[in-house]
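Beneath this line is the structure, given in structure tokens, with notes to follow.
The values are calculated or read from the model by the stated rules, or taken from the named source; none is laboratory data. Small disclaimer: the values here were computed from a predicted structure and weren't measured. Counting neighbours? That spans all protein chains shown, and the Cβs are built from the backbone with ideal geometry, glycine included. Note: areas computed on protein heavy atoms with side chains; ligands, DNA, RNA excluded. Shrake-Rupley method; radii C 1.70, N 1.55, O 1.52, S 1.80 Å.
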Amino acid sequence: VSEINQLKINGQKQFAANSISTTLDRINPYVGIATAVLAAIAGISLVVSALMIIVTMFMSVSARMKEIGILRSLGESRRDIRRLFTGEALMLGGLSAILATGLAYGLGALLNRVLHRLAGYPLVQIQVGNVLTVFLLAILIAWLAAILPARRAARANPIKALAVE
């Protein structure tokens, strides 16, 4: 390619050639920027989802204080109360991972249909390793977000919890 680009007739370049590697060298910086932007958006969405799980769990604890008092008065331990709210948060995390995976596959299929017409190649490829990583992250974030609300529920005084209206 460089020999073709250097070919001159009467002192003027006559040909210009580009190889795939030259084209990729031009495109790769833009792909890197797009990847960084998408990673930043994903990071922000993970933080927001953790905060929303925390808020949801705190609201659930506040709304179910009488139930917590009844369970504690029936002999449930603090550990059981913590497990109840942690289990709910893990179900939220699992359901959010299922929803996110379904949306990713659906949007990926739609984009591939459009991009296949333009580029002749399906550009969106979702790998099983990425799906497993998303599931693990969703469950980990849900578990971490549930720690404080579950601890608050477990520490609730049964007598005061029964008196809450």
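Tabulated results
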| quantity | calculated |
| --- | --- |
| Cross-chain or 6+ apart pairs with Cβ under 7 Å, region 142-163 first and closer than 14 Å to E76 by Cβ, then hydroxyl-bearing (S, T, Y) and surrounded by 15 or more Cβ atoms within 10 Å (Cβ to Cβ) | A150/T86 |
| Candidates L111, L103, filtered to the one that is open to solvent by 70 Å² or more (accessible area, probe 1.4 Å), more than 25 Å from L51 (Cα to Cα) and either in contact with a helix residue (DSSP H, G or I) (Cβ under 8 Å, 6 or more places away or on another chain) or of a type outside the set (K, R) (or both) | L111 |
| Search result, residues across region 150-165 that are within 15 Å of M59 (Cα to Cα) and open to solvent by 100 Å² or more (accessible area, probe 1.4 Å) | R151, R152, E165 |
| Subset tally (residues that are surrounded by fewer than 10 Cβ atoms within 10 Å (Cβ to Cβ), assigned to a helix (DSSP H, G or I) and at pLDDT below 75) for region 1-35 | 3 |
| First in region 59-73 and closer than 13 Å to A150 by Cβ, second anywhere and open to solvent by 80 Å² or more (accessible area, probe 1.4 Å) and part of a helix (DSSP H, G or I), Cβ under 6 Å, 6 or more apart | V61/R152 |
| Counted residues, region 56-72 - those being of a type in the set (A, V, I, L, M) and open to solvent by 70 Å² or more (accessible area, probe 1.4 Å) | 3 |
| Filter result (closer than 30 Å to G69 by Cβ and in contact (Cβ under 8 Å) with a residue 60 or more places away in the chain) within region 112-141 | I141 |
| Residue that is modelled with the lowest pLDDT, among those in region 116-149 that are more than 25 Å from the chain's Cα centre (by Cα) and open to solvent by 70 Å² or more (accessible area, probe 1.4 Å) | Y121 |
